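Quick one: this structure, given as structure tokens, is what I'll be asking you about.
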Amino acid sequence: LCAARSPGGMIMLSGRASHGPNRCLGSRSMDAAFTFWGPLWEYGGTNTWVFVTLPTELSDEIADLVPKRLGFGSVRVAVQIGETEWATSLFPDSKLGSYVLPVKRSVRDQEWLSIGDIAEVHVRLIEN
């Protein structure tokens with residue numbers, strides 16, 4: 001296990017350190033699993049979509065792991081925050097240069113999370 005700090009917050013990736021102390025590599029299979037921390041933020045305004053932005057290093061790692069596909073580049077994942085697990089997709093955000101993860105209201109309610117709270121997020125890639 002190794003850790004690296006990024007603009008999106010603290011990130012912990014499974015794997016071995018490579019290319020210096022802030023580079024971490026995860027598994028090269030579609031069973032890759034990652035853990036990171038990030039703040040919840042609201043898109044657009046009150047009662048709209050809520051997301052967590054994945055750290056850039058993690059987004060780059062995921063982009064290297066998943067096959068290139070047509071469309072807008074979503075990636076299917078299994079997610080766990082606290083005790084709550086669900087399946088969803090990561091979505092690329094070109095403005096942020098990273099993937100974003102939507103966090104449903106039911107998850108936020110079950111885990112007592114509000115906009116601005118830091119969530120510990122476990123993500124596992126799912127093959128299509």
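The values are calculated or read from the model by the stated rules, or taken from the named source; none is laboratory data. Just so it is clear, the model here is predicted, and its values are computed rather than measured. Cβ placement follows ideal geometry from the backbone for every residue including glycine, while neighbour counts extend to all protein chains displayed. Only protein heavy atoms, including side chains, enter the accessible area calculation; ligands, DNA and RNA are left aside. Shrake-Rupley method; radii C 1.70, N 1.55, O 1.52, S 1.80 Å.
It is to be established whether one or more residues within the range 76-88 are surrounded by 17 or more Cβ atoms within 10 Å (Cβ to Cβ) and closer than 13 Å to T53 by Cα.
Checking the range 76-88: not a single residue is surrounded by 17 or more Cβ atoms within 10 Å (Cβ to Cβ) and closer than 13 Å to T53 by Cα.
Here's a follow-up. Could you go through the range 50-65 and let me know if any residue there is in contact (Cβ under 8 Å) with a residue 40 or more places away in the chain, closer than 15 Å to L101 by Cβ and aromatic (F, W, Y).
If we filter the range 50-65 for residues that are in contact (Cβ under 8 Å) with a residue 40 or more places away in the chain, which is where we start, we get 50-59, 61-62, 65.
Within this subset, residues satisfying the condition of being closer than 15 Å to L101 by Cβ are 50-56, 58-59, 61-62.
Within this subset, residues satisfying the condition of being aromatic (F, W, Y) are 51.
For the range 50-65, residues in contact (Cβ under 8 Å) with a residue 40 or more places away in the chain, closer than 15 Å to L101 by Cβ and aromatic (F, W, Y): present.
While we're looking at this one, here's another question. Of all residues in the range 78-97 being more than 22 Å from S114 (Cα to Cα) and of a type outside the set (D, E, K, R), which is nearest to the chain's Cα centre (by Cα)?
Going through the qualifying residues, I end up with P92.
Just name the residue that is modelled with the highest pLDDT out of those in the range 93-115 that are of a type in the set (G, A, S) and open to solvent by less than 50 Å² (accessible area, probe 1.4 Å).
Initially, the range 93-115 is screened for residues of a type in the set (G, A, S), giving 94, 97-98, 106, 114.
Narrowing further to those that are open to solvent by less than 50 Å² (accessible area, probe 1.4 Å): 97-98.
On the way: G97: 92, S98: 96.
In this case the residue turns out to be S98.
While we're on this one: Quick one: in the range 59-75, which of the residues that are part of a loop (DSSP other than H, G, I, E, B) and of a type in the set (A, V, I, L, M, F, W, C) is surrounded by the most Cβ atoms within 10 Å (Cβ to Cβ)?
Only one residue fits best here, namely V66.
Another question, then. Among S106, S114, which is the only one that is under 24 Å from G44 (Cβ atoms) and part of a helix (DSSP H, G or I)? Spell out the reasoning first.
Working: S114 fails: part of a helix (DSSP H, G or I).
Unique residue meeting the criteria: S106.
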